[in-house]
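> One structure, pasted below without further comment.
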Amino acid sequence: MRGQPTNKRLEKHHIENLIGRIYMSFCVLLLIVIIVSMVYFVASKGVANFVSGEVKVSEFLFGTKWSPEADTPSYGAFPFISGSFLVTLLAALIASPLSICAALFMTEIVPGWGKKLLQPVIELLSGIPSVVYGFVGLSVIVPFLRDTLPGQGIGVAAGALVLSVMILPTITSVAADALASLPQNLKESSFALGATRWQTISRVILPTTFPAIMTGVVLGMARAFGEALAVQMVIGNAPFVPHSLFESASTLTSVITLGMGNTTMGSPQNNALWSMALVLMLMTFVFVLLVRMLERRNEI
Amino acid sequence: MQFKKSWIMALTLTSVLALSACGNGNNGGNKATTNTGGNTPAATNTESSSGTKLSGSVLASGSTALQPLVEQVAEEFMKTNAGVDIQVQGGGSGTGLTQVSEKQVDIGNSDVFAEEKLKDAAKAAELVDHQVAVVAIAAVSNPKAGVDSLTKQQLIDIFTGKITNWKEVGGADQAIQIINRPASSGTRATFESFALGTKTEDLKGSIQEDSSGTVKKMIGETPGAIGYLALSYLDDSVKTLNYDGVEPSVDNVVAGKYPVWAYEHMYTNGEPNETVKAFLDYFLTDEVQTGDVVELGYIPASKMQVSRDVAGTVTPK
């Protein structure tokens with residue numbers, strides 16, 4: 001008599017289990033299909049120009065002349081590749097110290113109200129749409145740079161400044177998590193040895209959490225590398241390798257967004273834009289790989 | 001619990017359906033419209049105004065410059081034809097032409113002739129051109145540049161980098177800053193072919209912005225800036241320059257005196273079906289041409305006293 005309900009319950013359990021498993025597998029499969037097809041799509045479009053012999057890979061990667069509409073078009077993407085790296089590195093250089101300081105402030109110096117005040121502000125920063133950043137950059141940073149520094153305000157410096165604000169939240173939150181997860185006894189032993197707070201932070205806390213903080217920096221750089229709209233608005237988009245920080249330059253993303261809608265699918269120019277998208281995707285893979293390596297170092 | 005689970009399931013299913021609909025939506029639109037054409041073969045000769053019920057969905061995509069006009073006219077058209085559903089998407093002229101040529105949309109909006117964009121001439125020949133409006137483009141400068149008018153040669157010299165200071169064309173002693181559009185932009189193509197008569201290379205240090213709003217903002221704020229804008233964007237924040245002494249006004253464009261203008265095209269793949277044709281015909285009615293077209297800053301195509309072909313040859317109508 002008592003066996004029956006148990007069996008029924010077991011059966012129900014099994015069915016629920018089965019449904020859950022099917023549902024889960026379906027979602028995972030869908031995800032895999034989407035990712036694989038996207039990678040395939042970008043890759044196949046990206047290599048189209050190289051396969052058809054329209055553009056040589058070396059000419060695309062290292063050519064400095066970009067004039068797709070000319071009678072003898074040339075598709076050198078080096079100015080954009082270098083521009084992307086330049087603004088990304090600059091943005092990381094500006095944002096990293098600020099973010100690490102903010103993270104230290106929230107976790108080590110004033111964990112109470114500091115965290116309560118700073119955390120929501122930083123989360124807010126990451127929620128602002130990039131077009132707003134671009135517009136603020138255009139209305140505030142560009143006129144400021146134009147009035148105080150040489151050049152027209154628009155250029156690499158403006159792009160890097162806008163990007164640095166955009167990647168602040170990423171680096172700060174990863175760094176803050178890393179600092180908060182630091183074992184308490186490390187700090188306590190340091191204090192017990194008579195070290196000051198500054199000594200503890202600079203000699204114990206920062207070296208131990210360095211790989212995790214670097215993970216944040218790399219994630220921030222990945223975001224900066226892929227950001228399109230805000231940079232496009234303030235960087236000027238002239239297809240040249242810049243010789244000064246206050247000169248108009250382009251990034252891969254800005255050229256893609258400017259050109260994609262105006263070119264027809266299948267034209268060499270459109271395919272060249274897809275090649276740039278492929279470069280962006282490969283760079284993202286590199287960034288992911290870097291983060292993986294840093295995480296592994298973190299565990300040891 | 002039971003409720004929660006089924007809720008999650010429903011959510012996923014909806015998202016999957018939405019995803020698959022993204023892929024098929026365009027085809028669905030096409031099917032619907034072809035069906036309408038097929039179901040009412042007898043009604044093909046009847047005017048839409050004479051009481052024939054139009055139905056089906058129309059999908060248009062392409063030029064962002066033309067998008068606001070098409071959207072506004074579509075809304076009015078749908079008010080009088082309840083059975084018709086018109087969707088208007090942006091994406092740029094290249095996208096519009098690609099999609100209409102691949103039959104993904106019913107109408108492809110473009111700032112340029114299809115022959116100029118599509119590399120495959122056979123594909124361009126399949127498309128039927130409907131010129132619904134005209135957009136004129138004027139050279140504009142920062143108000144402090146101190147120049148009212150530029151000749152064609154002066155403009156060429158500025159945009160090719162030969163003239164780099166406003167004082168060389170009789171203005172203030174101020175370096176010229178070019179605010180350009182991207183090389184693939186339709187507005188730039190129009191400006192280059194009809195104002196300069198030649199393609200220009202991008203100059204080092206020039207600034208490129210994609211949206212007309214940003215271009216206007218930059219020209220208004222940047223000392224010594226020069227650029228070009230559609231007439232509908234002009235206001236006091238920038239100085240409109242006369243071209244070879246001719247003022248870029250609607251009257252001068254209509255009379256064929258001011259040469260820097262281009263058609264706004266709505267392309268269909270082959271002859272349009274009944275619903276699409278009725279919509280395109282509605283565009284050319286006086287109601288729209290002197291109403292919405294003018295209101296949104298375009299110039300009515302029907303008013304033009306001259307016409308122009310793909311090669312750029314202008315002939316009086």
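The values are calculated or read from the model by the stated rules, or taken from the named source; none is laboratory data. Only a predicted model underlies this, so the values are computations on that prediction, with no experimental measurement involved. Every residue, glycine as well, gets a Cβ built from its backbone with ideal geometry; the counts of neighbours run over all protein chains shown. We work out accessible area using only protein heavy atoms, side chains counted, and drop any ligands, DNA or RNA first. Shrake-Rupley method; radii C 1.70, N 1.55, O 1.52, S 1.80 Å.
> Can you give the accessible area of A:Cys27 in Å² (nearest 10), computed on protein heavy atoms with a 1.4 Å probe?
In the full protein context, A:Cys27 sits at about 40 Å².
> What translational diffusion coefficient, to the nearest whole µm²/s, does the stretch B:237-317 have by Stokes-Einstein, given a Kirkwood radius computed over alpha-carbon pairs, a temperature of 10 °C and 1.306 mPa s viscosity? Provide the component values of the computation, followed by the final result.
Values: Rh = 14.6 Å.
Roughly 109 µm²/s, to the nearest whole number.
> Can you tell me the relative contact order of chain A? Whole percent, Cα pairs under 8 Å, sequence separation 6 or more. Walk me through the numbers on the way to the answer.
Numbers: 392 pairs, mean separation 73.5, N = 300.
25 percent.
> Shielding by partners for A:131-143, please: the mean number of other protein chain Cβ atoms within 10 Å of each residue's Cβ. Intermediate results must be reported in sequence, preceding the final value.
On the way: counts 0, 0, 0, 1, 2, 0, 0, 5, 2, 0, 0, 4, 2.
Going residue by residue through A:131-143 and averaging, the value is 1.
> For the stretch B:85-129, which whole-number percentage of the solvent-accessible area (1.4 Å probe, protein heavy atoms only) is attributable to carbon and sulfur atoms? Mind showing how you got there, number by number?
On the way: 790 of 1790 Å².
After summing per-atom areas, the C and S share lands at 44 percent.
> Rounded if a/c is under 1.5, else prolate if a/b beats b/c, else oblate: with a ≥ b ≥ c from the C-alpha gyration tensor eigenvalues square-rooted, which is the stretch A:133-175? Could the numbers behind the result be given before it?
Details: a/c = 3.37, a/b = 2.44, b/c = 1.38.
Here the stretch A:133-175 falls in the prolate category.
> On a straight-distance basis, which aspartates and glutamates could pair with B:Lys204 in a cross-link, Cα separation under 16 angstrom, same-chain partners fewer than 8 positions away excluded?
Output for B:Lys204: A:Glu247, B:Asp157.
> Determine the calculated [θ] at 222 nm for chain A from helices alone, applying -39500 (n - 2.57) to every DSSP H run no shorter than 4 residues and normalising by the residue count; nearest 500 deg cm²/dmol. Don't skip to the end; give the middle numbers.
Details: 13 runs with 212 residues, N = 300.
It comes out at -23500 deg cm²/dmol, rounded to the nearest 500.
> Could you sort B:Leu59, A:Leu93, B:Leu203 by accessible area so the largest value comes first, with the probe set to 1.4 Å? Before the final figure, lay out the partial values.
Working: B:Leu59 20, A:Leu93 125, B:Leu203 45 Å².
Per-residue accessible area, sorted high to low, gives A:Leu93, B:Leu203, B:Leu59.
> For a 29 Å ceiling on Cα separation, which of these pairs sit above it: B:Lys117/B:Lys239; A:Lys45/B:Lys152; B:Lys199/B:Lys239?
Numbers: B:Lys117/B:Lys239 32 Å; A:Lys45/B:Lys152 41 Å; B:Lys199/B:Lys239 24 Å.
As for pairs spanning more than 29 Å Cα to Cα, those are B:Lys117/B:Lys239; A:Lys45/B:Lys152.
> With θ set to phi - 60° and the Karplus curve 6.51 cos²θ - 1.76 cosθ + 1.60, what are the ³J(HN,Hα) couplings of the stretch B:234-240 in order, to the nearest whole Hz, using x for Gly and Pro?
6, 8, 6, 6, 10, 9, 7
> Roughly how many Å² of A:Met38 are accessible to a 1.4 Å probe, to the nearest 10?
It works out to around 120 Å².
> What nm value, rounded to one decimal, do you get for the distance between B:Glu126 and A:Leu149 when each label is placed 7 Å out toward the C-beta?
Calculated label separation equals 5.1 nm.
> On the full set of protein chains, 1.4 Å probe, figure out the accessible area of B:Arg188 and give it in Å² to the nearest 10.
10 Å²
> Counting only protein heavy atoms, probe 1.4 Å: which residues of the stretch A:252-297 lose 50 Å² or more of accessible surface in the full assembly compared with their chain by itself?
Relative to the lone chain, where solvent access is computed with a 1.4 Å probe, the stretch A:252-297 loses at least 50 Å² at A:Leu258, A:Gly261, A:Asn262, A:Thr264.
> Give the lysines whose C-alpha is closer than 26 Å to that of A:Lys187, dropping any in the same chain fewer than 8 places away, or say none.
Qualifying lysines at Cα under 26 Å: A:Lys115, A:Lys116.
> What net charge do the residues around B:Val294 carry, taking every other residue with its C-beta under 12 Å from that of B:Val294, with Lys and Arg at +1 and Asp and Glu at -1?
Around B:Val294, the surrounding residues sum to -3.
> While we're looking at this one, here's another question. Return the sequence-ordered ³J(HN,Hα) values of the stretch A:154-161 in whole Hz as given by the Karplus equation 6.51 cos²θ - 1.76 cosθ + 1.60 applied to θ = phi - 60°, using x for Gly and Pro.
6, x, 4, 4, 4, x, 5, 5
> Now for a different question. Could I have the simple spin-label model distance between A:Phe62 and B:Leu296, label points 7 Å from Cα toward Cβ, reported in nm to one decimal?
Each label point lies 7 Å from its Cα, and together they span 4.9 nm.
> In bins 10 Å wide, starting from 0, what share of all Cα pairs of the stretch A:1-136 does each bin hold, as a percent?
9, 15, 17, 21, 19, 12, 5, 2, 0
> Am I reading the B/A interface right? What is its buried accessible area, both sides, 1.4 Å probe, to the nearest 100 Å²? Intermediate results must be reported in sequence, preceding the final value.
Details: alone 15790 and 17280 Å², together 30000 Å².
Interface area, both chains combined: 3100 Å², rounded to the nearest 100.
> Suppose accessible area is computed on protein heavy atoms with a 1.4 Å probe; arrange A:His13, A:His243, B:His265, B:His130 from highest to lowest.
Numbers: A:His13 115, A:His243 150, B:His265 0, B:His130 40 Å².
Listed by decreasing accessible area, they come as A:His243, A:His13, B:His130, B:His265.
> State whether the stretch A:160-282 is rounded, prolate or oblate according to the following rule on the C-alpha gyration tensor (a ≥ b ≥ c being the square roots of its eigenvalues): a/c under 1.5 gives rounded; otherwise a/b larger than b/c gives prolate, and the remaining case gives oblate.
Taking the square roots of the gyration eigenvalues as a ≥ b ≥ c, the stretch A:160-282 is prolate.
> Along Cα→Cβ, 7 Å out, is where each label goes; now give me the distance between the ones at A:Ile128 and B:Lys53 in nm to one decimal.
5.4 nm
> Within the protein assembly as shown, what percent of beta bridges assigned by DSSP are antiparallel, to the nearest 5?
On the way: 27 of 43 bridges.
Once the DSSP bridges in the protein assembly as shown are tallied, antiparallel ones form about 65 percent.
> What whole number of Å gives the distance from the Cα centroid of the stretch A:8-22 to the Cα centroid of the stretch A:122-186?
Taking the Cα centre of the stretch A:8-22 as reference, the centre of the stretch A:122-186 is 49 Å away.
> Would you please give the residues with an amide H less than 5 Å from that of B:Tyr267, counting only those at least 5 places away or on a separate chain, with H modeled from the backbone geometry?
Residues meeting the amide H criterion: B:Gly108, B:Asn109, B:Ser110, B:His130.
> What value does the stretch B:136-270 have for Rg/Rh, both radii from Cα atoms and Rh as Kirkwood defines it?
Numbers: Rg = 14.3 Å, Rh = 14.9 Å.
Looking at the stretch B:136-270, the ratio lands at 0.96.
> Percent of Cα-Cα pairs per 10 Å bin, from 0 to the last occupied bin, for the stretch A:66-159, please list those.
Final binned percentages: 13, 27, 31, 19, 6, 3, 0.
> While we're on this one: Could you tell me whether the stretch A:49-96 comes out rounded, prolate or oblate from its Cα gyration tensor? Rule is a ≥ b ≥ c as square roots of the eigenvalues, rounded for a/c under 1.5, then prolate if a/b exceeds b/c, otherwise oblate.
Prolate, since a/c reaches 1.5 and a/b exceeds b/c.
> Express the C-alpha Rg of chain A as a ratio against the empirical globular expectation 2.2 N^0.38 Å, rounded to two decimals. Mind showing how you got there, number by number?
Working: Rg = 24.8 Å, N = 300, 2.2 N^0.38 = 19.2 Å.
After normalising by residue count via 2.2 N^0.38 Å, the value is 1.29.
> Heavy atoms only, 1.4 Å probe, whole protein assembly: order B:Asp111, B:Asp148, A:Asp71, B:Asp281 by accessible area, highest first.
Numbers: B:Asp111 25, B:Asp148 100, A:Asp71 145, B:Asp281 65 Å².
If we order B:Asp111, B:Asp148, A:Asp71, B:Asp281 from most to least accessible, we get A:Asp71, B:Asp148, B:Asp281, B:Asp111.
> Also, quick follow-up: Averaging over every viewing direction, what projected area does the convex hull of the Cα atoms of the stretch A:242-300 cover, in nm²? The partial results should precede the final answer.
Details: hull surface 24.7 nm².
In nm², the orientation-averaged hull projection of the stretch A:242-300 is 6.2.
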